[in-house]
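The block underneath contains the structure these notes are about, expressed in structure tokens.
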Amino acid sequence: MTDVDVLSEAFELGFTYTRSTGPVMGRFLTALRDKRIEGIRASDGRVIVPPMEYDPETAAALDEFVEVGQEGEVMSWCWVSEPRRAHPLQQPFAWAMIKLDGADVAMIHCIAATDEAALHTGARVKVRWADEPRGHISDIACFELAGVAP
Amino acid sequence: MSEDNNAQAREPVTGMDAPIYLQYQFTAGRAPSRFLHALKQGRLTGQRCPGCSQVYIPPRGSCPACGIATDEEVTLSNKATVQSFTIVYIPIPGNPIKPPYIVANLVPDGANISFIHLLSDCVNEEVHIGQRVEAVWKPAQEWDYKMDNILYYRPLEEPDVPVELIGRLPVEGWEGQA
């Protein structure tokens, strides 16, 4: 059998999902659009950000929203030296667990920093808002180091 | 920002777009590439297993039953038999075909396995398993390395194929059936 030109082409498969947020996540995203961050108070008094719909201990519905600060502390982090196309930042950055002031649990987001050496656990970071917030987690464009770390 | 946008901005967020895009570089491989080259020339081809003699379309380069390479290429017929089918009533976003329409598993004469294609130019309610159909090709100048060189299949005025013979007709179809 004679040989053949093997064919190859780019191919994109898209799943264009639209998701309903529900009232709790919807309120969180609505607050983000107004450049505020809201958590929710659990039955043990902890403030959870992003808010959970149901209590992690009792499973009761939660509804006591609490606004938290726009600065926080890096609990742990991981440097991404080669960002991929789908990543929120296209220059090297860190994924981090950040405990916002007034919150009792950390939330994951990204930190823009000049290099890996500038970051450490315990570093103080602050929100940089997107230019045009739209009710999405990316309304927090990223976190940045807040002044001099303690 | 216009007043409309301001009004919209005051509405609580209730939904979000969450698309997922998967980017591939699809490489067909040697056997499917041969199939696609033949398709561009207006021919349906399969490959025969040297062990069990089954003919596969589209060819993958090996026999799924025997696990051995298939390199004998076979030109198949434009005629085929309906092995199974479904009538689609639900519109799929982005699909230009208007429901209701028929998607069928079709076995071309000379092959022993079915592929999926559209069945059209027919009365949907009269389509049935064992029905004889033939390929309707696009004009030759539009042929590309694509299965939709065949627009759809349409019914033939031929006797039905009994279920036990579906997938067993030779490339000559009923004419070659001993």
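The values are calculated or read from the model by the stated rules, or taken from the named source; none is laboratory data. This one's a predicted model, so the numbers in the text were calculated from it and none came from an experiment. Cβ sites come from the backbone with ideal geometry, for glycine too, and all protein chains shown count toward neighbours.
Odds and ends about this structure:
- Only strands (runs of 3 or more DSSP E) whose full extent lies in segment B:53-168 are considered here, and the ones with at least 1 residues that are surrounded by 18 or more Cβ atoms within 10 Å (Cβ to Cβ) and away from chain A (no Cβ under 14 Å) are B:79-88, B:101-108, B:115-119, B:132-137, B:150-155.
- Subset of segment A:28-71 [assigned to a strand (DSSP E or B), more than 19 Å from A:G135 (Cα to Cα) and not β-branched (V, I, T)]: A:R41, A:Y54, A:A61, A:E71
- Selection status of A:T18, without any contact (Cβ under 8 Å) to a residue 40 or more places away in the chain, among the polar types (S, T, N, Q) and within 14 Å of chain B (Cβ to nearest Cβ): yes
- Every residue from segment A:56-65 that is surrounded by fewer than 17 Cβ atoms within 10 Å (Cβ to Cβ) and either of a type outside the set (S, T, N, Q) or out of contact with any Ser or Thr (no Cβ under 9 Å at 6 or more places or on another chain) (or both): A:P56, A:E57, A:A59, A:A60, A:A61, A:D63, A:E64, A:F65
- Scanning segment A:104-116 for residues that are modelled with pLDDT of 95 or more and either part of a strand (DSSP E or B) or surrounded by fewer than 13 Cβ atoms within 10 Å (Cβ to Cβ) (or both) returns A:M107, A:I108, A:H109, A:C110, A:I111, A:A112.
- Number of the condition not met by B:G46 [criteria: (1) over 17 Å from the mean Cα position of the chain (by Cα); (2) crowded, with 18+ Cβ neighbours inside 10 Å]: (1)
- Residue among A:L13, A:L7 that is surrounded by 17 or more Cβ atoms within 10 Å (Cβ to Cβ), within 14 Å of chain B (Cβ to nearest Cβ), more than 16 Å from the chain's Cα centre (by Cα) and within 30 Å of B:F35 (Cβ to Cβ): A:L7
- A:W129 under 14 Å from the mean Cα position of the chain (by Cα), of a type in the set (F, W, Y) and more than 26 Å from B:V13 (Cα to Cα): no
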